[in-house]
Amino acid sequence: MTLSLDIPNAALDPKGYTEVEITMHTPNGDLVRSATVGANGAFDLGDLSAMTGVWVEAALRNESGAAVGYGRTATAVDFAAGVTVTVPVRRPIVYVAGLVSKDLDGDPTTTTDIAWTATSSTFGDLSLGAPVDGSASVGTKAVLMVSAGPNLFMIEQAVSTTNGATPDPATKLTGPATIKPVSTGDHSIAAALKAALDGGVRDGAGSDDGKWLVIGTTLHLYVVDTTTGSAMSVADGDFGRVAMVNHGDGTASALALSNRGTPCNAGAKLVSVAFSGGGEVSPVVSAGVGGYADVASDANRAFAVDACKGQLVEITGATVKMLRDGLGKPTALAVSNGHAYIGVEKAAAPFGLSLVVASLTATDAPHTLWTEPSQQVATATDYPGVQREMSATAASFDHLEVGAGDDYVAMTSSAHFFAKRESALTFPELDLDTEELRVFDTSSGAVLQRYRSWCDGEIKIMGFSDVMNWACATTTGQSAPSNPAAEHHLGSMTFLFGKK
């Protein structure tokens, strides 16, 4: 038996690796092997017994043990003499995309003059370690990036020319959305698929073999066949979260959440739809209505979190089984290799976010990987060194996804900050809104990337002698766009080979 790693042989090939680590998920448990990679790219994992129904994951690691390449098989495979098992491997890259809103007249008290535009997708290459600063980009008007195993797709859509403030950027998208394949070898962009999607795009996910995408919009749930370029609307509704369940036999299903609203919304609806390798689509199955806030899948299983009940549940057809209770207000979920990563929002001051990890194979209490009260620093631009720390009045998770197997977990979040007027300090009353991407090392909880993609605010109350000009500052470990033109809202986030 031969194990072959499929690398594109292009600019974005994994580099700097010295070791390959192979995890084989067998019906009888996991088998892990590692080997040194020679100068010619060859490695020897030793003798492997014949096995059937094996899912294979591969990680390329550098001398410090960090994953600089990762991939997995799209289906369960059989190990036997004379068989070559191919595992596609790509760099661990995380992509974010969204819109830009701009105040046209500079007067923050008016909201009818807010113009919305699309912009490039920004990405962070975790194999390089450099801070994300918005300068690395893909495309020119991406509103959503979707990964499907080793494949990547960019969704473009027009933005309404009718200006105005909105807390929901998806409602500013108009006209048909189009899907373009993006090379994971060099980020070149191919011609659009023939599929055209109605409604503002909200979320997307892909199958590990790259054949299927599931896209949620403000009007429909779509299943897209990337080999033919065709799309089918399988359900009507406003679908804010979707996940793809890979069954390992060439078939897949989608789990989707409509009417998500602002968690918790007791009227959120879970649905699922199955489709085969031949393109047949089964009827939509409803898993009921509840306070569901996010959906996720892994290893032929589907999950959701209920923000109203504080629960993690598993979905099997129309059956909902509670797995974990007492989680507080869970609003984000990603699952990988027997671990559920759960984003929890604190519902009282000091407002903040926590990321907890719960085992799906044991009953021990979840442990907190990271927790932090949300704060933002504003600086007086006319007075160097003069700053004020602002506490959040609201903080929320937007997206959560696991990358490179279990090595990384990434989240996007948004927060609103307020500081009252301090007349003795001549500080005016300030409001700020921010959006951030964070990437964590799952073994230690260390923050590997903290990128603030958006920060905007206004002076609410100001005295005659108050300090007039303020700007958002960065704190230790936080990066921001190197060019103000690179600022954008985080409408989507995806990893190559991500699990959500």
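The values are calculated or read from the model by the stated rules, or taken from the named source; none is laboratory data. Worth saying up front: this structure is predicted, and the values here are computed from it rather than measured. Heads up, the Cβs are rebuilt from the backbone with ideal geometry, glycines too, and the neighbour counts pull from every protein chain shown. Only protein heavy atoms, including side chains, enter the accessible area calculation; ligands, DNA and RNA are left aside. Shrake-Rupley method; radii C 1.70, N 1.55, O 1.52, S 1.80 Å.
With one equal scatterer per alpha carbon and no solvent term, the Debye-computed log10 I(q)/I(0) for the stretch 336-391 at 0.15, 0.19 1/Å reads -0.59, -0.74. Global dimensions of the stretch 200-289 from alpha-carbon coordinates: Rg and Dmax equal 12.5, 38 Å.
The equivalent ellipsoid that matches the C-alpha gyration tensor of the stretch 1-131 spans semi-axes of 44, 17, 12 angstrom, in descending order.
The mean sequence separation of alpha-carbon pairs under 8 Å and at least six residues apart, normalised by the residue count of the stretch 389-500, gives a relative contact order of 27 percent.
Of all aspartates and glutamates in the structure, those lying under 16 Å Cα to Cα from LYS15, and not within fewer than 8 positions of it along the same chain, are ASP6, GLU63, ASP125, ASP186. The relative contact order of the chain comes to 11 percent, based on Cα pairs under 8 Å that sit 6 or more residues apart.
Taking the Cα centre of the chain as origin, sum charge times position over the Cβ atoms of Lys and Arg (+1) and Asp and Glu (-1), and report the length of that vector in debye to the nearest 20.
Charge dipole, the chain, about its Cα centre: 520 debye, nearest 20.
Per the Kirkwood formula applied to alpha carbons, the chain shows a radius of gyration over Rh ratio, Rg over Rh, of 0.97.
What's the longest piece of the chain with no exposed GluC sites (Glu not before Pro), counting a site as exposed if DSSP puts it in a loop and it has at most 10 other beta carbons within 10 Å? Here the longest segment lacking exposed loop sites spans 281-500. Amide H contacts for ASN62 (H built 1.01 Å from N in the peptide plane; partners 5 or more residues away or on another chain; cut-off under 5 Å): THR18, VAL68.
Here's the picture: charge each Lys and Arg Cβ at +1 and each Asp and Glu Cβ at -1 in the chain, and of ALA471, ALA365, GLY164 the one pushed furthest to the positive end of that dipole is ALA365. For the stretch 114-216, trypsin sites (Lys or Arg not before Pro) are listed when DSSP marks them as loop and at most 13 other Cβ atoms sit within 10 Å of their Cβ; the list is LYS194. Is the shape of the stretch 442-496 best called rounded, prolate or oblate, per the rule: a/c under 1.5 gives rounded, else a/b larger than b/c gives prolate, else oblate, with a ≥ b ≥ c the square roots of the Cα gyration tensor eigenvalues? Note, shape of the stretch 442-496 comes out prolate. Shown are HIS367, HIS416, HIS489, whose ranking by accessible area with a 1.4 Å probe and every protein chain present, most to least, is HIS367, HIS416, HIS489. Ranked by the mean number of other Cβ atoms within 10 Å of their residues, highest first, the peptides 266-276, 298-308 fall in the order 298-308, 266-276.
Rule-of-thumb check for the stretch 260-320: C-alpha Rg over 2.2 N^0.38 Å?
For the stretch 260-320, the normalised Cα radius of gyration is 1.18.
Per the Debye formula with a single identical scatterer at each Cα and no solvent contribution, what log10 I(q)/I(0) holds for the stretch 305-436 at q = 0.14, 0.17, 0.18, 0.22 Å⁻¹? Each listed q maps to, in turn, -0.70, -0.90, -0.97, -1.28.
Of the chymotrypsin sites (Phe, Trp or Tyr not before Pro) found in the stretch 395-500, the ones in coil according to DSSP and having at most 15 other Cβ atoms within 10 Å of their Cβ are PHE464. Taken per residue, the accessible surface of the chain reaches 40 Å², heavy atoms only and a 1.4 Å probe. Rolling a 1.4 Å probe over the protein heavy atoms of the chain, with every protein chain left in place, gives an accessible area that is 50 percent carbon and sulfur.
Taking packing as the residue-averaged number of other Cβ atoms within 10 angstrom, the listed peptides 95-102, 255-262 run from highest to lowest as 95-102, 255-262. Considering only VAL68, LEU197, GLY288, the residue lying farthest towards the positive end of the dipole of the chain is GLY288, judged by Cα position with unit charges set on Cβ.
Counting only residues at least eight positions apart within a chain, or on another chain, the lysines with an alpha carbon under 22 Å from that of LYS329 are LYS269, LYS309, LYS321, LYS346, LYS499, LYS500. Look at the alpha carbon pairs under 8 Å that are at least 6 residues apart: their mean separation over the length of the stretch 28-135 gives a relative contact order of 19 percent.
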